[in-house]
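The values are calculated or read from the model by the stated rules, or taken from the named source; none is laboratory data. These numbers were taken from a predicted model, which means no experiment stands behind them. Cβ sites come from the backbone with ideal geometry, for glycine too, and all protein chains shown count toward neighbours. We work out accessible area using only protein heavy atoms, side chains counted, and drop any ligands, DNA or RNA first. Shrake-Rupley method; radii C 1.70, N 1.55, O 1.52, S 1.80 Å.
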Amino acid sequence: AQKITQTQPGMFVQEKEAVTLDCTYDTSDQSYGLFWYKQPSSGEMIFLIYQGSYDEQNATEGRYSLNFQKARKSANLVISASQLGDSAMYFCAMREDSNYQLIWGAGTKLIIKP
Amino acid sequence: KAGVTQTPRYLIKTRGQQVTLSCSPISGHRSVSWYQQTPGQGLQFLFEYFSETQRNKGNFPGRFSGRQFSNSRSEMNVSTLELGDSALYLCASSTDGRWTYEQYFGPGTRLTVT
(Lines give C-alpha, C1' and ligand atoms only; values in the text may rest on other atoms or scores of the structure.)
Protein backbone atom coordinates (compact mmCIF):
# COMPACT_ATOMS: atom_id res chain seq x y z
CA ALA A 1 0.00 0.00 0.00
CA GLN A 2 1.14 3.53 -0.73
CA LYS A 3 2.50 5.08 2.40
CA ILE A 4 2.98 8.57 0.98
CA THR A 5 0.55 10.00 -1.55
CA GLN A 6 1.06 13.19 -3.46
CA THR A 7 -2.01 13.65 -5.62
CA GLN A 8 -0.78 16.58 -7.72
CA PRO A 9 1.64 15.42 -10.42
CA GLY A 10 2.07 19.01 -11.60
CA MET A 11 1.05 22.54 -10.69
CA PHE A 12 1.29 25.93 -12.36
CA VAL A 13 1.26 28.94 -10.06
CA GLN A 14 1.57 32.65 -10.74
CA GLU A 15 4.64 34.31 -9.23
CA LYS A 16 4.04 35.86 -5.80
CA GLU A 17 1.00 33.71 -5.14
CA ALA A 18 0.90 31.21 -2.29
CA VAL A 19 0.87 27.53 -3.20
CA THR A 20 -0.15 24.43 -1.28
CA LEU A 21 1.31 21.04 -2.17
CA ASP A 22 -0.66 18.09 -0.86
CA CYS A 23 0.71 15.08 0.98
CA THR A 24 -1.13 12.31 2.80
CA TYR A 25 0.55 9.46 4.59
CA ASP A 26 -0.25 6.12 6.10
CA THR A 27 1.43 4.64 9.13
CA SER A 28 0.54 2.67 12.22
CA ASP A 29 3.57 4.01 14.12
CA GLN A 30 2.82 6.55 16.82
CA SER A 31 6.19 8.20 16.39
CA TYR A 32 7.27 9.34 12.95
CA GLY A 33 8.62 12.31 11.07
CA LEU A 34 7.44 14.03 7.92
CA PHE A 35 9.72 15.87 5.53
CA TRP A 36 9.56 18.00 2.45
CA TYR A 37 12.39 18.16 -0.03
CA LYS A 38 12.90 20.23 -3.16
CA GLN A 39 14.69 18.83 -6.18
CA PRO A 40 15.66 21.36 -8.87
CA SER A 41 16.53 20.19 -12.35
CA SER A 42 20.16 19.86 -11.24
CA GLY A 43 19.13 16.77 -9.28
CA GLU A 44 20.29 17.64 -5.80
CA MET A 45 17.74 17.03 -3.04
CA ILE A 46 17.31 20.05 -0.77
CA PHE A 47 15.73 19.71 2.67
CA LEU A 48 12.96 22.23 3.27
CA ILE A 49 11.04 21.44 6.44
CA TYR A 50 10.42 18.76 9.06
CA GLN A 51 7.45 17.91 11.28
CA GLY A 52 7.55 15.37 14.07
CA SER A 53 4.43 13.42 14.90
CA TYR A 54 4.44 14.73 18.47
CA ASP A 55 5.05 18.35 17.52
CA GLU A 56 2.04 20.39 18.52
CA GLN A 57 2.90 23.43 16.43
CA ASN A 58 3.05 23.41 12.65
CA ALA A 59 6.62 23.70 11.43
CA THR A 60 7.74 26.85 9.66
CA GLU A 61 10.98 27.69 7.85
CA GLY A 62 11.00 31.10 6.22
CA ARG A 63 8.51 31.04 3.35
CA TYR A 64 7.76 27.35 3.96
CA SER A 65 5.21 26.08 6.43
CA LEU A 66 3.81 22.63 6.97
CA ASN A 67 0.07 22.27 7.54
CA PHE A 68 0.04 19.18 9.74
CA GLN A 69 -3.33 17.55 10.34
CA LYS A 70 -2.58 14.39 12.26
CA ALA A 71 -6.12 13.00 12.40
CA ARG A 72 -6.40 13.31 8.63
CA LYS A 73 -2.83 12.07 8.15
CA SER A 74 -1.97 14.98 5.96
CA ALA A 75 1.16 17.13 5.85
CA ASN A 76 0.71 19.77 3.19
CA LEU A 77 3.51 22.15 2.29
CA VAL A 78 2.60 25.80 1.94
CA ILE A 79 4.94 28.16 0.10
CA SER A 80 4.09 31.80 0.59
CA ALA A 81 4.89 34.46 -2.00
CA SER A 82 6.21 32.04 -4.61
CA GLN A 83 9.29 32.94 -6.62
CA LEU A 84 10.54 31.82 -10.02
CA GLY A 85 13.32 29.92 -8.27
CA ASP A 86 10.72 27.76 -6.54
CA SER A 87 10.12 25.89 -9.80
CA ALA A 88 11.22 22.32 -9.05
CA MET A 89 10.02 18.89 -8.03
CA TYR A 90 8.78 18.69 -4.47
CA PHE A 91 8.82 15.46 -2.51
CA CYS A 92 7.05 14.54 0.69
CA ALA A 93 8.72 11.81 2.72
CA MET A 94 8.14 9.98 5.98
CA ARG A 95 10.39 8.23 8.45
CA GLU A 96 8.79 5.80 10.83
CA ASP A 97 10.61 5.28 14.11
CA SER A 98 10.50 1.54 13.50
CA ASN A 99 13.17 1.95 10.82
CA TYR A 100 15.66 4.50 9.57
CA GLN A 101 14.72 4.78 5.94
CA LEU A 102 12.83 7.60 4.29
CA ILE A 103 9.70 6.60 2.36
CA TRP A 104 9.00 8.96 -0.49
CA GLY A 105 5.99 10.23 -2.37
CA ALA A 106 5.93 10.41 -6.15
CA GLY A 107 6.52 14.15 -6.14
CA THR A 108 4.80 17.25 -7.48
CA LYS A 109 6.32 19.28 -10.28
CA LEU A 110 5.79 22.94 -9.48
CA ILE A 111 6.18 25.57 -12.16
CA ILE A 112 6.06 29.23 -11.23
CA LYS A 113 4.88 31.50 -14.02
CA PRO A 114 6.18 35.08 -14.27
CA LYS B 1 31.99 23.11 5.44
CA ALA B 2 32.08 21.13 2.20
CA GLY B 3 28.87 19.39 1.17
CA VAL B 4 28.26 15.79 0.20
CA THR B 5 30.21 14.84 -2.89
CA GLN B 6 29.49 12.00 -5.25
CA THR B 7 31.70 10.63 -7.98
CA PRO B 8 31.40 10.18 -10.80
CA ARG B 9 28.53 12.48 -11.73
CA TYR B 10 27.72 10.63 -14.92
CA LEU B 11 28.40 7.08 -15.98
CA ILE B 12 27.54 4.96 -18.99
CA LYS B 13 27.87 1.20 -18.68
CA THR B 14 26.86 -1.86 -20.67
CA ARG B 15 24.52 -4.61 -19.50
CA GLY B 16 26.36 -7.27 -17.54
CA GLN B 17 29.11 -4.95 -16.35
CA GLN B 18 29.55 -3.84 -12.78
CA VAL B 19 29.85 -0.32 -11.40
CA THR B 20 31.09 1.35 -8.22
CA LEU B 21 29.79 4.71 -7.07
CA SER B 22 31.42 6.79 -4.37
CA CYS B 23 30.03 9.16 -1.76
CA SER B 24 31.98 11.41 0.58
CA PRO B 25 29.81 12.69 3.43
CA ILE B 26 30.01 16.01 5.19
CA SER B 27 32.89 16.07 7.64
CA GLY B 28 31.76 14.69 10.98
CA HIS B 29 28.77 12.81 9.56
CA ARG B 30 28.90 9.11 10.28
CA SER B 31 25.73 7.95 8.55
CA VAL B 32 25.44 7.55 4.80
CA SER B 33 22.25 6.49 3.04
CA TRP B 34 21.82 5.59 -0.61
CA TYR B 35 18.72 6.06 -2.74
CA GLN B 36 17.79 5.12 -6.28
CA GLN B 37 15.60 7.49 -8.29
CA THR B 38 13.89 6.40 -11.50
CA PRO B 39 10.96 7.88 -13.43
CA GLY B 40 8.97 4.68 -12.99
CA GLN B 41 9.66 3.74 -9.37
CA GLY B 42 10.44 7.15 -7.94
CA LEU B 43 12.80 7.37 -4.96
CA GLN B 44 13.66 4.14 -3.23
CA PHE B 45 15.89 3.50 -0.26
CA LEU B 46 18.82 1.20 -0.94
CA PHE B 47 20.75 0.99 2.33
CA GLU B 48 22.21 2.97 5.17
CA TYR B 49 25.64 2.67 6.74
CA PHE B 50 26.70 3.93 10.11
CA SER B 51 30.19 3.55 11.50
CA GLU B 52 31.12 1.01 8.81
CA THR B 53 28.09 -1.19 9.52
CA GLN B 54 25.03 -1.62 7.35
CA ARG B 55 22.24 -0.58 9.65
CA ASN B 56 19.25 -0.75 7.33
CA LYS B 57 18.53 -2.18 3.90
CA GLY B 58 15.79 -1.63 1.35
CA ASN B 59 14.20 -4.17 -0.97
CA PHE B 60 16.82 -4.50 -3.65
CA PRO B 61 18.43 -7.65 -5.02
CA GLY B 62 21.81 -8.81 -3.82
CA ARG B 63 23.43 -7.30 -6.93
CA PHE B 64 23.31 -4.02 -5.02
CA SER B 65 25.84 -3.82 -2.25
CA GLY B 66 27.69 -1.18 -0.36
CA ARG B 67 30.30 -0.51 2.23
CA GLN B 68 31.58 2.27 4.40
CA PHE B 69 35.15 3.04 5.28
CA SER B 70 36.61 4.25 8.55
CA ASN B 71 36.59 7.85 7.26
CA SER B 72 32.82 7.49 6.62
CA ARG B 73 33.19 7.55 2.86
CA SER B 74 30.86 5.06 1.27
CA GLU B 75 30.75 3.11 -1.94
CA MET B 76 27.92 1.25 -3.56
CA ASN B 77 28.42 -1.47 -6.11
CA VAL B 78 26.03 -2.86 -8.64
CA SER B 79 27.04 -6.09 -10.32
CA THR B 80 25.67 -7.61 -13.51
CA LEU B 81 24.02 -4.40 -14.60
CA GLU B 82 20.55 -4.49 -16.11
CA LEU B 83 18.83 -1.85 -18.23
CA GLY B 84 16.49 -1.16 -15.31
CA ASP B 85 19.41 -0.06 -13.17
CA SER B 86 19.59 3.17 -15.16
CA ALA B 87 18.81 5.80 -12.56
CA LEU B 88 19.99 8.72 -10.52
CA TYR B 89 21.74 7.42 -7.43
CA LEU B 90 21.67 9.81 -4.51
CA CYS B 91 23.57 9.56 -1.30
CA ALA B 92 22.80 11.47 1.84
CA SER B 93 24.76 11.97 5.01
CA SER B 94 23.75 12.81 8.54
CA THR B 95 25.33 12.90 11.96
CA ASP B 96 23.91 9.62 13.19
CA GLY B 97 21.04 8.83 10.86
CA ARG B 98 18.40 8.49 13.53
CA TRP B 99 16.80 11.82 12.75
CA THR B 100 16.94 12.21 9.03
CA TYR B 101 15.80 15.80 8.99
CA GLU B 102 19.49 16.40 9.25
CA GLN B 103 20.15 14.49 6.03
CA TYR B 104 22.12 16.34 3.40
CA PHE B 105 22.11 15.04 -0.13
CA GLY B 106 24.81 14.98 -2.75
CA PRO B 107 24.27 15.94 -6.41
CA GLY B 108 23.82 12.33 -7.45
CA THR B 109 25.41 10.00 -9.96
CA ARG B 110 23.42 9.47 -13.13
CA LEU B 111 23.97 5.93 -14.35
CA THR B 112 22.92 4.91 -17.83
CA VAL B 113 23.00 1.23 -18.73
CA THR B 114 22.94 0.40 -22.45
*Under-16-angstrom lysine pairs by C-alpha in chain A, whenever the two are 8 or more apart or on separate chains*: 4
*Take every residue in peptide B:36-43, count the Cβ atoms of other chains within 10 Å of its Cβ, and give the average of those counts.*
3
*Note the direction-averaged projected area, equal to a quarter of the hull surface, for the Cα convex hull of the range B:61-114, in nm².*
4.7 nm²
*If you count, for every residue in A:103-113, the Cβ atoms of partner chains within 10 Å of its Cβ, what is the mean?*
2
*When all C-alpha to C-alpha distances in chain A are sorted into bins of 10 Å, what percent of pairs does each bin hold, rounded to whole numbers?*
15, 49, 29, 7, 0
*asked:* Rounded, prolate or oblate for the protein assembly as shown? Axes are the square roots of the Cα gyration tensor eigenvalues, ordered a ≥ b ≥ c, and the cut-off for rounded is a/c under 1.5.
replied: prolate
*How much net charge surrounds A:Lys16 when only other residues with a Cβ under 13 Å from its Cβ are counted (Lys, Arg +1; Asp, Glu -1)?*
-1
*Overall form of the range A:62-105 per C-alpha gyration tensor (a/c, 1.5; a/b vs b/c)*: oblate
*When you count, for each residue, the other Cβ atoms within 10 Å and take the mean per peptide, how do B:33-39, A:64-70 rank with the highest first?*
B:33-39, A:64-70
*With the dipole of the protein assembly as shown worked out from charges on the C-beta (+1 for Lys and Arg, -1 for Asp and Glu) around the Cα centre, which of B:Leu88, B:Gln17, A:Ser74 lies farthest toward the positive end?*
B:Gln17
_Residue by residue through A:38-47, how many Cβ atoms from other chains fall within 10 Å of the Cβ on average?_
5
*Using only the alpha carbon atoms of chain B, find the Kirkwood hydrodynamic radius as the inverse mean reciprocal pair distance, in angstroms to one decimal.*
13.9 Å
*So what are the ³J(HN,Hα) numbers for the range B:102-113, from phi and the Karplus equation (6.51, -1.76, 1.60; θ = phi - 60°), rounded to whole Hz, Gly and Pro as x?*
8, 6, 10, 9, x, x, x, 10, 8, 9, 10, 10
*asked:* Sort B:88-95, A:85-92, A:22-29 by the packing proxy (mean of other Cβ within 10 Å over each peptide's residues), most packed first.
replied: B:88-95, A:85-92, A:22-29
*Could you check how much of the accessible area of chain A is carbon and sulfur, as a whole percent, using a 1.4 Å probe?*
48 percent
*Nearest 100 Å² is fine: how much accessible area is buried between A and B, summed over both sides, with a 1.4 Å probe?*
1700 Å²
*Rounded if a/c is under 1.5, else prolate if a/b beats b/c, else oblate: with a ≥ b ≥ c from the C-alpha gyration tensor eigenvalues square-rooted, which is the range B:22-77?*
prolate
*asked:* As a test, work out the antiparallel percent of DSSP beta bridges whose residues both lie in chain A, rounded to the nearest 5.
replied: 85 percent
